[in-house]
Each structure stands twice: as structure tokens, then as C-alpha cells.
Amino acid sequence: MVELFSPFLKSLIVAALLTIATSSQTFYFETKLKSRIVASTLMTIIMAGLFFLPLLYCIFSFANFFNELNQQELVKTINQIKVWTQGGIPDDFAFIKDLLQDIFERINVSQSVQNILSFGAYLGKNSLQFMIDMFFILIFFFFFTLYSKNIELFLKRILPIRREDSRVLITESSSVMTVVLYSILVTAIFEGFLFGFFLTFYHYDGLLFGVLYGFASLIPVVGGLIMWLPLVIYEGITGSITTAIIIALYSIIMISIVADTFIKPMIIKYINQHLVKTKTKVNELLIFFSIIAGLASFGFWGMIIGPAMVTFFISIMQLLKKYSDEFNED
């Protein structure tokens, strides 16, 4: 069966995990709308709006950018950067200046332009694959959500453990997935809004940069840095040093420190207390590293698969310990 469905295996797993994480909201809609199929359809539309539409906007924006890209202007910009590294950096930062000069001396401008254009083609190819995966995830998500009660009941019956233990296993996994998914989504939307709204004052596409920052923030530790640092360098070279400094300070203080360090834990705490039936018992640091490991092993969707695998593993280990203790007592 694994071999048979191997082309869709990742999509099936992600759809199943999303179904588990959104089960409480599906039940809420079903109670209000008095229809399982309408509730499932509504949840699928919401998931498409959260993942599919922002990605689609980014793809079209990048496609338009690379179609209108002027190679001569690109070469001119790269040459400006090389000149700036020679005279634009103060002598107080001589080590940075020497490092950048050494890097740009090794850069072949024409080859760099070709690499950028090749990256555009590579990005388009992978974006298309991501959209295909997203399409299948939404299809599987709809059917998993529609028949989730029957699937859950069937799994509880066939699992070779006590009915009470199977319920605990599913409930704990669902709670962790709910906390992980909602904390990721809320944080990405919140930080993306802060970054995108701020950039609109400097005549950037706030929606595009907000969406990109939201996706970048999903990468632990360095997520936001890969968005604002290139923008700061670009502003420092082609625009205003003052603007570059303001963007850098805003990104570090308002987003990295205030939003990520102080507000994000509050969001996770609120979700854990109000949106899940059973409070998560998995250490937050373990969830953090499981997200990193998931991203490294499975790509973008690893941020969902990683914590789920760790949660299942810990729950199974706890059940084995429980059964071992009972066996030793007998």
C-alpha cells in the first residue's frame, strides 16, 4: 500500500495531520451549520485561503518580476554593489569591507545574471510542484474531514491497545497538532502583517513582502533575517542609508524581539488554554527542534510532520512504559 500510494504519501500525511489539528473547528462549524459536508467544505475553503491563495499571489508576482527583468539594469546594480563595497563602508568596519570585497572579486557579473535567471526558472518549476501538492492536500483534507468520525472510530477499533489508551493517544496528538498549526499560522500572519504594513510607507508591495515574511518566519531562528537583511542591503546601496537603518531596527525590535520573543509565547499559551481540549504535555523546546528537523527532512510541510512524528513517538513510548509496569506488577 505504501508503494502504491507513494506519489501521494506526503500529501496524504499532511492532509491527515491538518484534519486532526482542525477537528475542533470542524465540529464547531458542524454544530452551527447542522451539516457535516457544509462544515467540511467551509474548512477546506479556509485552508485554501490560508495556504493556496497567498502562495499563488507570490508565484504570479515573481513570474511578473522575472518576465520584466532588465538584464542591463541587473548588471548595473551588481556593479554598483561592487563599487559600494569599496568606498561605501566606513573604515571602522574594515573586516566586513575586506570580506565583501573578496567575495565580489570572485563574482563573475554575467554568470551571476545567468544564475539569477536560472533561479527564476527553478523557482517556477518548484512552485508548480508545490501547487500540485497543495491541490492534492486540499482534496484529501476535504475527504478526511468529511469522514473523520468514521476514520477515528475505525482506528480506535483496530489499534492493538485498550480503547481508553487509543483515545488518549489520539487526543494528545490532536492537541499538539492544534497548538503547532495555529501558533504557526497566527504568528506568520501577525509578523507578516507587521512587516508588510510597515514597508508600504516606503512604496514597496506590502502584500507581497508580508506574505513572503510570513512564510519565512516559519523557518526557526533565521526566518525573518532572510527577508529584511537583503532589503536593508538593497536600500543601503541604491536608496537611503537612513531608510535601511530604520527597516533594520524595526525588524529587529518590533518583530524579532517584541513579536517573536514576547507576543508569540502568549499566542501559544492562549491557544493551549482555549482551543485544545487537553493541554499539551510535550516540551516546547522539543516541539521547536522537531519543527527544524521536519523542515530539514521533509521540506516545507515538515513543520507539520515533524512535531506529529515526535508526539506519536512519545505517546507510544509512554504506553509501552505503562504496559511494561503493569506486566512487571503481575
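The values are calculated or read from the model by the stated rules, or taken from the named source; none is laboratory data. All values reported here derive from a predicted model rather than from experimental measurement. Here Cβ is always computed from backbone atoms with ideal geometry, including for glycine, and neighbour counts include all displayed protein chains.
List the residue pairs whose Cβ atoms are under 6 Å apart, where the first residue sits in region 311-326 and is without any contact (Cβ under 8 Å) to a residue 40 or more places away in the chain, the second is part of a helix (DSSP H, G or I) and surrounded by fewer than 10 Cβ atoms within 10 Å (Cβ to Cβ), and the two are 6 or more positions apart or on different chains.
none
Quick check: anything in region 52-74 within 15 Å of PHE140 (Cα to Cα), modelled with pLDDT of 75 or more and surrounded by 12 or more Cβ atoms within 10 Å (Cβ to Cβ)?
Yes, some residue in region 52-74 is within 15 Å of PHE140 (Cα to Cα), modelled with pLDDT of 75 or more and surrounded by 12 or more Cβ atoms within 10 Å (Cβ to Cβ).
Any residue at all in region 199-217 that's crowded, with 19+ Cβ neighbours inside 10 Å, more than 20 Å from the chain's Cα centre (by Cα), modelled with pLDDT of 75 or more and not basic (Lys, Arg)?
yes
Select from region 49-66 the residues that are in contact with a helix residue (DSSP H, G or I) (Cβ under 6 Å, 6 or more places away or on another chain) and either more than 21 Å from ALA216 (Cβ to Cβ) or not hydrophobic (A, V, I, L, M, F, W, C) (or both) and list them in ascending order.
Result: PRO54, SER61.
What residue, among those in region 8-38 that are touching a residue at least 24 places away in the same chain (Cβ under 8 Å) and small (Gly, Ala, Ser), is nearest to PHE136 (Cα to Cα)?
SER11
Which numbered condition trips up THR19, out of (1) among the β-branched types (Val, Ile, Thr); (2) over 19 Å from ILE184 (Cα atoms); (3) modelled with pLDDT of 70 or more; (4) surrounded by 14 or more Cβ atoms within 10 Å (Cβ to Cβ)?
(2)
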